[in-house]
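Take a look at the structure set out below.
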Amino acid sequence: MTIDSHHHFWNYDPVEFDWIDDSMRTIRRSFLPDDLKAEADHAGIDGVISVQARQILEETDFLLEQANANDFIKGVVGWVPLADANISVVLERYSDASKLKAVRHVVQGEAAGFLDGADFNHGIEQLAAHDLVYDVLIFEHQLKEAIRFVDRHPNQAFVLDHIAKPQIKNDRLEPWQKNLRELAKRDNITCKLSGVVTEADCQNWTPEQIRPYLDTVLGAFGPERLMFGSDWPVCLVACGYKRWHDLIREYIVPLSSTEQAAIMGGTATKAYNLKR
């Protein structure tokens, strides 16, 4: 089963999605399952994982509604108030939501030290009992903080989004490379090959420019802990769905068929416990 491990849906509203600035005007519209299904089918993708784009419980409910109505949506990465004192009650509310596979907070928008917070970490401690993964969304300068965070939860499964957003536009491999390799030493975290081209110059990036970053991630995590993700529709700011899919397919050609299958679906299926 080939899986796109990372995409978003939204009914566009300029207030709710104020992060979509003028440079991203091409995605200032709604993107819904029918739009994605056409793209996924064209690329030969069997299933997808929908990821939250708003930090409200209504977002989780919205994504679950889409997933329950569309068989090709195999899982949801939702949002819950992890730092809330009543987080256990909130999680129990979703105990019968079989397609809720993980939760995520937009840590890239938080102040330094957020991942060290006691209340937030208390919330993380509740996830394993509900068989929920935690998706880590950070910028590269937050990697050291993320290492401490993952070390606090050795029994929690984590997935790193967007290879921790290195400064590709500035051709800065370090200190991202060193810190990412250190994080990858923790075997309870996997990583998405997603959100890469939008960290480069969206209009002028080249496959050669991003290759050192792909090489680093492949060397650090290995194929069995990497998963393809489109980051659609955000990727459309820099390239089409199939172009990114084909780039990754071409990049992994030197790998064995087993390793390619892991990146293109096996890792995601295992990490998120997906059903066919």
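Would you check if there is a residue in the range 186-198 being part of a helix (DSSP H, G or I) and more than 26 Å from Leu82 (Cα to Cα)? Scanning the range 186-198 turns up at least one residue that is part of a helix (DSSP H, G or I) and more than 26 Å from Leu82 (Cα to Cα).
Listed here are the residues, each with its yes/no results for (1) farther than 19 Å from His245 by Cα; (2) outside any loop (DSSP other than H, G, I, E, B); (3) modelled with pLDDT of 95 or more; (4) of a type in the set (D, E, K, R).
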site: Tyr12; (1), (2), (3), (4): yes, no, yes, no
site: Arg29; (1), (2), (3), (4): yes, no, yes, yes
site: Lys37; (1), (2), (3), (4): no, yes, yes, yes
site: Ile45; (1), (2), (3), (4): no, no, yes, no
site: Val48; (1), (2), (3), (4): no, yes, yes, no
site: Asn68; (1), (2), (3), (4): yes, yes, yes, no
site: Leu82; (1), (2), (3), (4): yes, no, yes, no
site: Asp96; (1), (2), (3), (4): yes, no, yes, yes
site: Val103; (1), (2), (3), (4): yes, yes, yes, no
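For Gly78, the stated conditions do not hold, so it cannot be described as at pLDDT 95 or above and farther than 22 Å from Lys165 by Cβ. Within the range 1-26, the set of residues being touching a Lys or Arg at 6+ places or on another chain (Cβ under 7 Å), in contact (Cβ under 8 Å) with a residue 60 or more places away in the chain and surrounded by fewer than 20 Cβ atoms within 10 Å (Cβ to Cβ) comprises Met1 only. Within the range 61-85, the only residue that satisfies the criterion of being within 15 Å of Asp46 (Cβ to Cβ) and touching a Phe, Trp or Tyr at 6+ places or on another chain (Cβ under 7 Å) is Gly75. For Ala112, state whether it is assigned to a loop (DSSP other than H, G, I, E, B), hydrophobic (A, V, I, L, M, F, W, C) and surrounded by fewer than 21 Cβ atoms within 10 Å (Cβ to Cβ). Criteria met by Ala112.
Give the residues of the range 144-172 that are crowded, with 22+ Cβ neighbours inside 10 Å and in a helix (DSSP H, G or I), sorted by residue number. Within the range 144-172, Ala146, Phe149, His162, Ile163, Ala164, Ile168 meet the criteria.
Would you mention how many residues in the range 241-263 are farther than 23 Å from Leu183 by Cβ and in contact (Cβ under 8 Å) with a residue 60 or more places away in the chain? I'd like the intermediate steps shown before the answer.
The initial filter retains those residues of the range 241-263 that are farther than 23 Å from Leu183 by Cβ, namely 241-247, 249-250, 253-254, 256-258, 260-261.
From what is left, the residues that are in contact (Cβ under 8 Å) with a residue 60 or more places away in the chain are 241-242, 245-246.
The total comes to 4.
Can you report the number of residues in the range 220-276 which are of a type in the set (Val, Ile, Thr) and over 27 Å from Pro33 (Cα atoms)? Show your work before the answer.
Going through the range 220-276, the residues of a type in the set (Val, Ile, Thr) turn out to be 234, 237, 248, 252-253, 258, 263, 267, 269.
Next, from what is left, pick out any that are over 27 Å from Pro33 (Cα atoms): 252-253, 258.
Of the residues in that region, 3 qualify.
In this structure, does Val197 turn out to be closer than 16 Å to Ala43 by Cβ and in contact (Cβ under 8 Å) with a residue 12 or more places away in the chain? Before you say what the answer is, go through the steps one by one.
Numbers: closer than 16 Å to Ala43 by Cβ: yes; in contact (Cβ under 8 Å) with a residue 12 or more places away in the chain: yes.
Spelling it out, Val197 is indeed closer than 16 Å to Ala43 by Cβ and in contact (Cβ under 8 Å) with a residue 12 or more places away in the chain.
Restricting the range 50-61 to residues that are assigned to a loop (DSSP other than H, G, I, E, B) and among the aliphatic types (A, V, I, L, M), the residue that is surrounded by the fewest Cβ atoms within 10 Å (Cβ to Cβ) is Ile56.
The single residue among Gly229, Gly266 that is among the small types (Gly, Ala, Ser) and closer than 23 Å to Pro154 by Cα turns out to be Gly266.
The values are calculated or read from the model by the stated rules, or taken from the named source; none is laboratory data. Predicted model, so just to flag it, every value in this text is computed and none were measured. Cβ: placed from backbone, ideal geometry, glycine included. Neighbour counts: every protein chain shown.
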